[in-house]
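One structure is given below, encoded as structure tokens.
The values are calculated or read from the model by the stated rules, or taken from the named source; none is laboratory data. Predicted model, so just to flag it, every value in this text is computed and none were measured. For neighbour counting, all protein chains shown are included, and Cβ atoms are generated from backbone atoms with ideal geometry for every residue, glycine included.
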Amino acid sequence: MEQVQTTVDGLRAIELTYRPLRDISSGRSISYLSRTVLNTPGLGTIMPETFRIAAEVSKKSSELFPLELTQLVRAIQTLGESDRVFNWISLDIPASIIQSYSMTALTEKTCQQFSVPASSICFVLPPQLLTEKNEAADENITRLRQLGFHLMLSGFGEGGAQLLRLSELSVDYVMLSPYVTQQIGKNERTDQAINSIINSINDLGYEPVADGVKNSAHAETLYRFGCNFCAGPLSGGYQTLDELCE
């Protein structure tokens, strides 16, 4: 990855877009999940599933994350000024960042600088934290919770996730992998397994969030299983900040 530029052809090099997180029972958008795309001179727009890997390998995540965080808090300010009501907006944290002892100081300082409350941000943790125990990551997670930030573990239920490890993580939300939600209705045993996953998350005191929900039948099943929040095609796709403000 080349050195990050501020703008590319008039676009931000780092561009956050946002999709709604809905309360299943009311249908209301209560929060927003952000996604970062990278605009490059030669390769065009690169999706996070591609550039995140390169950024981790090349150790560029430490340069990208402050730009993402700054853009996020500015978006929170802008939405607040437009009277848009929401609980929080999420931001993905790469593994190398959550394992850095300096990240909590950076997030706290940035929020203070822009007068944005910590409770308006939900940091999304990568699923590899379930298999890669790291003392610095655990300490940062605890500290972020103490400062008032929300935390969500992503991609749960796929690839042999460990419940015992999950019980050690101090998070607010656990997002089910889209793979899990797409199996709803496949057969009775599959539905029983998904119900068990959701029950386990609730039993640990976390709030389950379903991603990749495509239709109301799946949302109704998830709600019956004890999952109150969903994101995906049924809830709406990604929008720019300008589109949200409209």
Exercise for the section: From V209, V180, grab the single residue that is part of a strand (DSSP E or B) and of a type outside the set (S, T, N, Q). Expected result: V209
Handout entry: Candidates S200, S170 - the one that is outside any helix (DSSP H, G or I), of a type in the set (G, A, S) and surrounded by fewer than 21 Cβ atoms within 10 Å (Cβ to Cβ)
Key = S170
Fill in the blank from the handout: Here the qualifying pairs (Cβ atoms under 6 Å; residues six or more apart or on different chains; first in the stretch 133-160 and under 26 Å from A210 (Cβ atoms); second of a type in the set (A, V, I, L, M, F, W, C) and loosely packed, with under 14 Cβ neighbours inside 10 Å) come out as none
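Suppose we filter I89, I76, I14, I97 for residues that are within 30 Å of A217 (Cβ to Cβ), crowded, with 19+ Cβ neighbours inside 10 Å and aliphatic (A, V, I, L, M); which single one remains?
Working: I76 fails: within 30 Å of A217 (Cβ to Cβ); I14 fails: within 30 Å of A217 (Cβ to Cβ); I97 fails: within 30 Å of A217 (Cβ to Cβ).
Just one listed residue meets the conditions, I89.
Starting from residues that are more than 30 Å from Q112 (Cα to Cα) and small (G, A, S), keep the ones in the stretch 137-167 and report whichever is surrounded by the most Cβ atoms within 10 Å (Cβ to Cβ).
Step one: list which residues in the stretch 137-167 are more than 30 Å from Q112 (Cα to Cα), which gives 155-167.
Cutting the leftovers down to small (G, A, S) gives us 155, 157, 159-161, 167.
Working: G155: 21, G157: 24, G159: 12, G160: 7, A161: 20, S167: 13.
Checked the stretch 137-167; the qualifying residue surrounded by the most Cβ atoms within 10 Å (Cβ to Cβ) is G157.
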Handout entry: the stretch 200-219 residues that are closer than 11 Å to L176 by Cβ, paired with ones that are aromatic (F, W, Y) and modelled with pLDDT of 95 or more (beta carbon under 8 Å, 6 or more apart)
Key = P208/Y173; P208/F229; V209/Y173; V209/F229; A210/F229
